[in-house]
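Here's the structure, in structure tokens; my notes come after.
The values are calculated or read from the model by the stated rules, or taken from the named source; none is laboratory data. All of these numbers come straight from a predicted model, not from anything done at the bench. Cβ atoms come from the backbone with ideal geometry, glycine included; neighbour counts cover every protein chain shown. Just so you know, the surface numbers come from the protein's heavy atoms only, side chains and all, with ligands and any DNA or RNA stripped out. Shrake-Rupley method; radii C 1.70, N 1.55, O 1.52, S 1.80 Å.
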Amino acid sequence: MARIFSGIQPSGELHIGNYLGAVKNWVALQSQFESFFCVVDYHAITVAYTPEDLRRRTREMATSLLAAGLDPAQCAVFVQSRVPEHTELQWIFNTITPLGELERQVQFKDKAARQEQVMAGLLNYPVLQAADILLYLADAVPVGEDQVQHLELSRVVARNWNARFAPEGAPYFPEPQAKLTPTRRIAGLDGNAKMSKSLNNTIGLLETPDEIWAKLRPAVTDPARIKKTDAGNPDNCRVIFQLHRAFSSPEMVAEVETKCRSAAWGCVDCKKALHESMNAELTPIRTRAQALADQPSLVDAALEAGAEKARAVAAQTMRHVKESMGLA
Ligand code: TYM
């Protein structure tokens, strides 16, 4: 069975951006692939944080992933720092990754611009990401669009290692491909191109219907539609119409489109319909999250089983890598 790997930062509970861009797809793929899904706490320490907060966010993210539908019987869900081979392989990959490839990463440039002092770990972040993926010899990586450049780097790393240490014509590391979905980039409620916790423009997956409505109500719509009687254009209503396409049935999406264009519905009507569709999908997730919060041992057991599965594969890869490189 082909293998997939993907990771997510421990930013606390999921939001609908990383849920629709990645995690919902993980849930759909877990029965078709041998699947490894990782809460990447080593990645998270490349920016300022407090230990207590990281511990809490890691836990919340793991709970959110299970609530969203990852099934520990079908896939491995684990925390990165529990599998030491991730950082071991990263060191090795640091020695075959050209510095220029790291310096041109858009996410590095963005994050570095916001820091007073930039640590080496931030620059080397994508090398750890390559190690995450290649440790499991993953063929495909289900991610949102913002991770595509990091994945290109993972392919460069695989290619460089194979060229140097694998026999000609028999590459050891596959070159992993991104698996994108139609919801590969969810816009923020404020109209920003990306919904992201650091931009404070998200809806949390576990927020209550009232909390969600309080965020949907002021969310941006078609800027040209000023009065309710103005005809709207769903194509210019990036945030709300995009969420309708993600959460509502095709019939509802068609209805929204017609009623917006004819001005039969105002933006509030359209948002109310979206609120209903979101509640239908998110209520069972919220209920599962509550049940998991009441039984923390279930989360512990899932993470331990996941780490064990991961360690078995990771140890095998490291054995091969070290032997090939004269390190064993
Ligand atoms: P992270 O934690 O920022 O995001 C997790 C996943 O969610 C996707 N995503 C989105 N998709 C669509 N619209 C959005 N607004 C949105 N926000 C987030 C991301 O594309 C990602 O798939 N560096 C990675 C974590 C990582 C990783 C890996 C991923 C570490 N190692 C190995 C894949 C493979 C990150 O920070 O994702």
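Per residue, the chain reaches -17000 deg cm²/dmol at 222 nm when only DSSP H runs of four or more residues are counted, each adding -39500 (n - 2.57). Counting only C-alpha contacts under 8 Å and six or more residues apart, can you give the relative contact order of the stretch 114-202 as a whole percent? After rounding, I find 27 percent. Rg and Dmax over the alpha-carbon atoms of the stretch 110-235 stand at 20.7, 69 Å.
Where a Cα-Cα gap under 17 Å defines reach, which lysines qualify for LYS179, not counting those fewer than 8 residues away within the same chain? Within the straight-line cut-off, LYS179 pairs with LYS24. In whole percents, the pair-distance distribution calculated for the stretch 209-289 from its alpha-carbon pairs, binned every 5 Å from zero, is 3, 16, 27, 25, 15, 8, 3, 2, 0.
Scaled against the 2.2 N^0.38 Å expected of a compact globular protein of N residues, the Cα radius of gyration of the stretch 56-177 reads 1.15.
Pairs of Lys residues in the stretch 209-289 that lie 8 or more places apart, or on two chains, and have C-alpha atoms under 15 angstrom apart add up to 8.
Charge tally around THR63: other residues with Cβ under 10 Å, Lys/Arg +1 each, Asp/Glu -1 each, net 0.
Positive contributions from Lys and Arg (+1) and negative ones from Asp and Glu (-1), summed over other residues with Cβ under 10 Å from the Cβ of PHE173, come out at +1. Considering only the other residues whose Cβ falls under 13 Å of the Cβ of ILE16, what net charge follows from Lys and Arg at +1 and Asp and Glu at -1? So the environment of ILE16 carries a net charge of +3. Treating each Cα of the chain as one equal point scatterer and applying the Debye formula with no solvent, the log10 of I(q)/I(0) at q = 0.07, 0.15 Å⁻¹ comes out as -0.32, -1.23.
Starting from the Cα of LYS194, draw a straight line to each of the aspartates and glutamates and keep only those under 12 Å, dropping any in the same chain fewer than 8 residues away. By straight Cα distance, LYS194 reaches GLU145, ASP146.
Share of carbon and sulfur in the accessible area of the stretch 271-328 stands at 54%, probe radius 1.4 Å. Of the solvent-accessible surface of the stretch 75-181, computed with a 1.4 Å probe over protein heavy atoms with every protein chain present, carbon and sulfur atoms account for 51 percent. What is the stretch 260-327 by shape, rounded, prolate or oblate, if you read a ≥ b ≥ c off the alpha carbon gyration tensor as root eigenvalues and call it rounded for a/c under 1.5, prolate for a/b larger than b/c, and oblate otherwise? Because a/c hits 1.5 or more and a/b fails to exceed b/c, the stretch 260-327 counts as oblate. Sequence-distant contacts, meaning Cα pairs under 8 Å at least 6 residues apart, place the relative contact order of the chain at 23 percent. Computed from the alpha carbon atoms alone, the convex hull of the stretch 18-76 holds 87 Å³ per residue. Axis angle, to the nearest 10 degrees, between helix 238-247 and the longest C-alpha principal axis of the chain: 80 degrees.
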